[in-house]
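What follows is one structure encoded as structure tokens, with my remarks underneath.
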Amino acid sequence: MSPFAELLISQIVEIQHRTGRPARSSTLSNHLNMAPRTIRWHLHNLENAGLLARPAGPKSGYAIARVH
């Protein structure tokens, strides 16, 4: 996993812990001062790798996938 992917996951964990909700890409984009499209690209790759889950519904955000 790339250092940026690790940073992104750590930010998602922090946001989930602080808010009790999945992290939205817009929140991550603002927090990391990066373009929303870039953040969404990385989030999509992490989701495809099974590391993130995206709950159903609009504006739901991303959460760490459950490990079984």
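With out of contact with any strand residue (DSSP E or B) (no Cβ under 6 Å at 6 or more places or on another chain), of a type in the set (G, A, S) and at pLDDT 90 or above as the only criterion, which of S10, S60 stands out?
Unique residue meeting the criteria: S10.
For segment 9-50, which positions are assigned to a loop (DSSP other than H, G, I, E, B) and surrounded by fewer than 16 Cβ atoms within 10 Å (Cβ to Cβ)?
G20, R21, N33, M34, A35, A49, G50, listed by residue number.
Under the condition of being out of contact with any helix residue (DSSP H, G or I) (no Cβ under 7 Å at 6 or more places or on another chain) and of a type in the set (S, T, Y), which residue from segment 13-66 is nearest to M1 (Cα to Cα)?
Taking the candidates together, the pick is T38.
How many residues does segment 5-62 hold that are among the small types (G, A, S) and in contact with a Leu (Cβ under 7 Å, 6 or more places away or on another chain)?
Qualifying residue count, segment 5-62: 2.
The values are calculated or read from the model by the stated rules, or taken from the named source; none is laboratory data. These figures come from a predicted structure and were not determined experimentally. For neighbour counting, all protein chains shown are included, and Cβ atoms are generated from backbone atoms with ideal geometry for every residue, glycine included.
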